1. Ranking request for peptides 137-150, 43-56: highest mean number of other beta-carbon atoms within 10 Å first, then the rest in descending order.
2. Provide the descending list of Cα extents for segment 8-153 along its principal axes, expressed in whole angstroms.
3. Over what distance in Å are the Cα centres of segment 32-74 and segment 130-152 separated?
4. What is the projected area of the convex hull of the Cα atoms of segment 1-77, averaged over all directions, in nm²?
């Protein structure tokens, strides 16, 4: 996997590499929902309801002391490791688990991955591709399933870490068209100063659509530690050239 450049094009390629892993799950018939969130700090969260990255001892990768590595850590840190050990393979998407995501990890200032499977939710965090802790069990799986990956591109590696809503939404729309039966949603998170009834900030000032957009701010509301209101705002375009909020393949 090559991102091609360290400019805006390469930055946006990071998002697609992570999304492609979720698309793999959809192509295998085990995932029908993918949500991409561009957060206010320019981090990106990709969440799917697939099988989740495998957990447990990896069949071949070992540490220097001979102890088997956890499969999740292998997928996230070793190039071409692969996360699907059953041999089923995929034919269309840009890469299997472990082909692109490990490179995204290495090019990220930080990354966190959660895998909901085998009855529990498992998590590990990284800084510039290096684990900061072992894979941990953080809770019961319940009805949740799949993989959630959050990362922030490393500003030391990229010329910009500001995403274009138009570029991200266009690529996701293409993925939805090409992948039958998957619902892909793009969400933007903004911070609002003391105005919980309106979205007044936009993290992508250079790519804000020139046409007016209506904003619905009731989908999710949480108060952050810095006393700002955190809102998820689906954007509904008034004109056809506006932004999309979701597409179903």
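Taken together, the values in this text are just the output of simple stated rules run on the coordinates, not laboratory data. Everything numeric in this text was worked out from a predicted model, so none of it was measured. Glycine also receives a Cβ, built like all others from the backbone with ideal geometry; neighbour counts cover every protein chain displayed.
1. Values: 137-150: 15.8, 43-56: 21.9.
Averaged packing, sorted descending, gives the order 43-56, 137-150.
2. Over segment 8-153, Cα extents along the principal axes are 41, 32, 31 Å.
3. So the separation of the two Cα centres works out to 7 Å.
4. That works out to 7.0 nm², a quarter of the Cα hull's surface.
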